[in-house]
1. Which of the peptides 48-59, 96-107 is most tightly packed, and how do the rest follow, judged by the mean count of other Cβ atoms within 10 Å per residue?
2. Give, in whole angstrom and from largest to smallest, the semi-axes √(5λ) of the equivalent ellipsoid of the stretch 40-181, with λ running over the eigenvalues of the Cα gyration tensor.
3. For the stretch 40-181, what is the charge dipole size about the Cα centre, in debye to the nearest 20, if Lys and Arg each add +1 at the Cβ and Asp and Glu each add -1 at the Cβ?
4. Identify, among ALA104, LEU36, ALA55, the residue whose Cα sits farthest towards the positive end of the charge dipole of the stretch 32-182, taking +1 on the Cβ of Lys and Arg and -1 on the Cβ of Asp and Glu, with the dipole about the Cα centre.
5. ALA35 to LEU124: extension gain in nm, 0.36 nm per residue of separation minus the Cα-Cα distance?
6. I need the phi-derived Karplus couplings for the stretch 85-91: 6.51 cos²θ - 1.76 cosθ + 1.60, θ = phi - 60°, integer Hz, Gly and Pro marked x.
7. Using all alpha carbons of the stretch 90-158, what is the percent of pairwise distances in each 10 Å bin, ordered from the shortest bin to the longest?
8. Please determine, in degrees from 0 to 90 and to the nearest 10, the orientation of helix 111-124 with respect to the longest principal axis defined by the Cα atoms of the chain, where the helix direction is its Cα long axis.
Amino acid sequence: MPFFPKPYADAVARLRVPSGFLLVAVFACFSHPTALSLAIGGPISVAGLALRAWAAGCLAKNRELATGGPYAFTRNPLYLGTLVVAAGLVAAARSLGLGALFAAVFLFIYLPVIQNEEQHLRRLFPDYAAYAARVPALWPHLGPFRKTPNPFRLQLYLRNQEYKAGAGFAAGLLFLLWKVIR
């Protein structure tokens, strides 16, 4: 049984992108980075961005069930990557308030979106239930890597436009750097 009611999950799915713009404004106002916080948070965010890039390069949306690459460890590596990027940005920004806000956004916006996407995948791919039974939803299992289909393909990375996440991250990092040196 889904945790979030379908009407709520549908409504927040439509708010995901607009809420991101609001988060950027709040982030700009309430970040207080230092050189040390950037040195700590930056690599954490880069790791999350790398996970997102790997996942996007293994994902042929709505055409084949992604079970290889990072999808062999977690069913939602793009969202896990987003969570890691956000954790790194919060560390870089040195703001507990931003951390609480990002956690609330993940809990009340991203988790319902994940739920909706899982229901969509169950309808689209008959073998999704078996995959979901052996691979955790978000927190990855760290067993040995199993060779599975869906290798990284640059054309998928580009088609999924994951480079936009990299550009957004670079802009955020440059903004934090500007706040440190000004």
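Read-outs: derived from the displayed coordinates by stated rules, not from any lab. Here the structure is a predicted model, which means the values were calculated and not measured. Heads up, the Cβs are rebuilt from the backbone with ideal geometry, glycines too, and the neighbour counts pull from every protein chain shown.
1. Working: 48-59: 22.6, 96-107: 15.2.
Packing order, densest peptide first, comes out as 48-59, 96-107.
2. 28, 17, 13
3. Working: 14 positive and 5 negative charges, 39 e Å.
For this selection, approximately 180 debye.
4. The residue sitting farthest along the positive end of the dipole is ALA55.
5. In short, 27.3 nm is gained.
6. In residue order, the calculated couplings are 4, 4, 4, x, 5, 5, 4 Hz.
7. Once binned at 10 Å, the Cα pair distances of the stretch 90-158 give 15, 29, 36, 18, 2.
8. Its long axis makes an angle of about 30 degrees.
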